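All remarks here apply to the structure that follows.
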Amino acid sequence: MPTTNKDLTIYFQRADGKEFKITIPDYKEGITDAEIKTGAQAIVDQGAFEPDGFALAKVVSAVKVDTTKTDVAIEETA
């Protein structure tokens, strides 16, 4: 039976210019682009993360990644 993983990855620019990303598993079904943008901007505005001592300066992009995994039946030969 196939299983689907739904990850949301948000990319930020740190104050030193380097990229920082956060991956959120099992994002909410039906989440809108506006909700993602608002939530990501709130992370920046609240200063919630300072990777390597640098604040997040801005939201760069976000991507939803849906991965479907299906087991393959392999018959053993005698």
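The values are calculated or read from the model by the stated rules, or taken from the named source; none is laboratory data. Please read these numbers as outputs of a predicted model, since none were measured by experiment. As a convention, Cβ positions derive from the backbone with ideal geometry for all residues, glycine included, and neighbour counts pool all protein chains shown. With ligands, DNA and RNA removed, areas are computed over all heavy atoms of the protein, side chains included. Shrake-Rupley method; radii C 1.70, N 1.55, O 1.52, S 1.80 Å.
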Inset, instruction - Would you check which residues across the range 1-38 are among the acidic types (Asp, Glu) and free of Cβ contacts under 8 Å to residues at least 60 places away in the same chain and list them? - result: Asp16, Glu19, Asp26, Glu29, Asp33, Glu35
Inset, instruction - Name the single residue, out of those in the range 1-22 being open to solvent by 40 Å² or more (accessible area, probe 1.4 Å) and under 25 Å from Asp71 (Cα atoms), that is farthest from the chain's Cα centre (by Cα). - result: Met1
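Condition check ((1) outside any strand (DSSP E or B); (2) over 30 Å from Met1 (Cα atoms)) across all residues:
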| site | (1), (2) |
| --- | --- |
| Thr23 | no, no |
| Lys28 | yes, no |
| Phe49 | yes, yes |
| Thr68 | no, no |
Inset, instruction - Of the conditions (1) part of a strand (DSSP E or B); (2) more than 12 Å from the chain's Cα centre (by Cα); (3) surrounded by fewer than 12 Cβ atoms within 10 Å (Cβ to Cβ), Ala57 clears all except one; give me its number. - result: (3)
Legend entry - For Thr4: the one exception among (1) part of a strand (DSSP E or B); (2) in contact with a Phe, Trp or Tyr (Cβ under 9 Å, 6 or more places away or on another chain); (3) modelled with pLDDT under 95: (2)
Inset, instruction - Name, by its number, the condition in (1) within 30 Å of Thr68 (Cα to Cα); (2) of a type in the set (Val, Ile, Thr); (3) open to solvent by less than 70 Å² (accessible area, probe 1.4 Å) that does not hold for Thr38. - result: (3)
Inset, instruction - Considering only the range 60-78, state which residues are of a type in the set (D, E, K, R) and surrounded by 12 or more Cβ atoms within 10 Å (Cβ to Cβ). - result: Lys64
